[in-house]
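> Sending over a structure as structure tokens; questions will come in a sec.
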Amino acid sequence: MEKENTANPVNFPQFFVGADCLSCGACWKEAPSNFRSHDIEASAYVYRQPQSEKELQECKAAQAICPVAIIGCINSLS
């Protein structure tokens, strides 16, 4: 019998994009459900916080590949 996934999205880290974003597109390509491009300010932003383990891993990958290391998180459970 498989163990039920009891991960609570509320306990996931909360991601943010800093003000010096280059709008390169790496984050929204890596985690398209969570990051988007802000058309007016030419930067990325967190569209939605991760709601599943898959999205959490995609957000962590986006954070790791950011060329200016501008994606951060609070309450990190890494």
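Rule-based calculations on the coordinates, nothing more; no lab input. Please read these numbers as outputs of a predicted model, since none were measured by experiment. No Cβ is skipped: glycine too gets one built from the backbone with ideal geometry, and neighbour counts run over all protein chains shown.
> Show me the chymotrypsin sites (Phe, Trp or Tyr not before Pro) within segment 13-78 that DSSP assigns to loop and that have at most 14 other Cβ atoms within 10 Å of their Cβ.
Of the chymotrypsin sites (Phe, Trp or Tyr not before Pro), the ones in loops of segment 13-78 whose Cβ has at most 14 other Cβ atoms within 10 Å are Tyr47.
> In a shell of Cβ-Cβ distance under 13 Å around Lys29, excluding Lys29 itself, what net charge do Lys and Arg (+1) and Asp and Glu (-1) give?
Numbers: positive: Arg36; negative: Glu30, Glu58.
Combined, the nearby Lys, Arg, Asp and Glu give -1.
> Sort largest first and round to whole Å: the equivalent ellipsoid semi-axes of segment 36-75, each the square root of five times a Cα gyration tensor eigenvalue. Mind dumping the intermediate values first?
Details: eigenvalues 68, 34, 15 Å².
For segment 36-75, the semi-axes come out at 18, 13, 9 Å.
> What are the GluC sites (Glu not before Pro) within segment 15-78 that DSSP puts in a loop, where the Cβ has at most 15 other Cβ atoms within 10 Å?
Glu41
> Still on this model: Lys and Arg at +1, Asp and Glu at -1: add these up for the other residues within a Cβ distance under 14 Å of Tyr45 and post the number.
My count for the surroundings of Tyr45 gives -1.
> Would you mind classifying segment 7-74 by shape? Square roots of the alpha carbon gyration tensor eigenvalues, ordered a ≥ b ≥ c; an a/c under 1.5 is rounded, otherwise it is prolate if a/b is larger than b/c and oblate if not.
prolate
> Still on this structure, I have one more. I want the local charge near Glu58. Using Cβ-Cβ distances under 11 Å, sum +1 for each Lys or Arg and -1 for each Asp or Glu among the other residues.
That works out to 0.
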